[in-house]
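Just so it is clear, none of the values below were taken in a lab; they were calculated from the coordinates. Since this is a predicted model, take the numbers as computed values, not measurements. Every residue, glycine among them, receives a Cβ derived from its backbone with ideal geometry; neighbour counts consider all protein chains shown.
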Amino acid sequence: MILKHVTVIVVPFIQMYGLYVVYNGHLSPGGGFAGGTILAASLILLCLTFGVKKVSERISYKIVRFVQGFGLLWYGFIKILGLFQGKHLIPDSFMKFMLGTPGNLFSSGLIFLANLGLGFTVAATMFILFSCFMGEDQ
Amino acid sequence: MRRVLSILIITIFSLILIITVLEMPVFGDIKNPTNNHVPSWYIENAIKDTGALNIVTSIILDYRGFDTLGEAVVLFLSTISVISILREA
């Protein structure tokens, strides 16, 4: 009873913090891996409190798998974008005009977008692994 | 016989590892092979090249982006193998 109420209160803040870490990966410590793990931790907390079955009614398993695959494809596509220019691939000079002023949220070109894909991939991976090992009968 | 053989093998391998650790360079030494021009290049040029204030992020996502792509693929493959073993549907 107490656990369920506290979980309902705490989970949005955990997700907000995870998204913050993912979005500010190029400004502050963190990034796709750390933020994705925090996002997945909130989902795992939901699973431990309410059970995998009830969570997977809200968050469909197919959607999670789609998010994982799409995040990986998104990251790979961004890394390949530099190839079309025929110049240096690393660091990617394709989006040089998007660099902006260092310190702003929307700066640093493709790193921002790559962080997004990476974060969602890591979050979906953690959630799928946990729900597979936990089983559906819980 | 088996026990003696396993103890022998473990002793030999741990001796090799200990010798390797003794040969390793001292941590933080100025003459270490990692103290070459690469870290100073990152520190001087990372913000100009990538526009990210976090140099660690600019290294793992830009200078060595393909390495990170490999890590993400490893995560994906681990998920696929777990799904194929543990899930029926």
Highest average packing first - A:117-129, A:3-15, A:32-44, Cβ atoms within 10 Å: A:117-129, A:32-44, A:3-15
At 1.567 mPa s and 4 °C, Stokes D of the stretch A:21-61 from Kirkwood alpha-carbon radius, µm² per second: 115
Positive-end residue of A:Val21, B:Trp41, B:Ile30, charge dipole of the protein assembly as shown with Cβ unit charges: A:Val21
Cα centre as origin, Lys/Arg/Asp/Glu Cβ charges: the protein assembly as shown dipole, Debye: 400
Mean Kyte hydropathy of -1.0 or more with a Cα span along the axis of at least 24 Å, helices from DSSP in chain B: B:2-23, B:65-86
Selection from B:Ala52, B:Ala72, B:Ser6, by position along the positive dipole direction of chain B (Cβ): B:Ser6
B:Leu17-A:His5 FRET efficiency (beta carbon distance; Förster radius 35 Å; 0.05 resolution): 0.10
Rounded to whole Å, sorted largest first: equivalent-ellipsoid semi-axes of the protein assembly as shown, Cα gyration tensor: 34, 31, 18
The stretch B:27-89, dipole about Cα centre (Lys/Arg Cβ +1, Asp/Glu Cβ -1), debye to the nearest 20: 40
Partner chain coverage, peptide B:64-74 - average Cβ within 10 angstrom: 5
Cα extents of chain B along the three principal axes, largest first (Å): 64, 56, 15
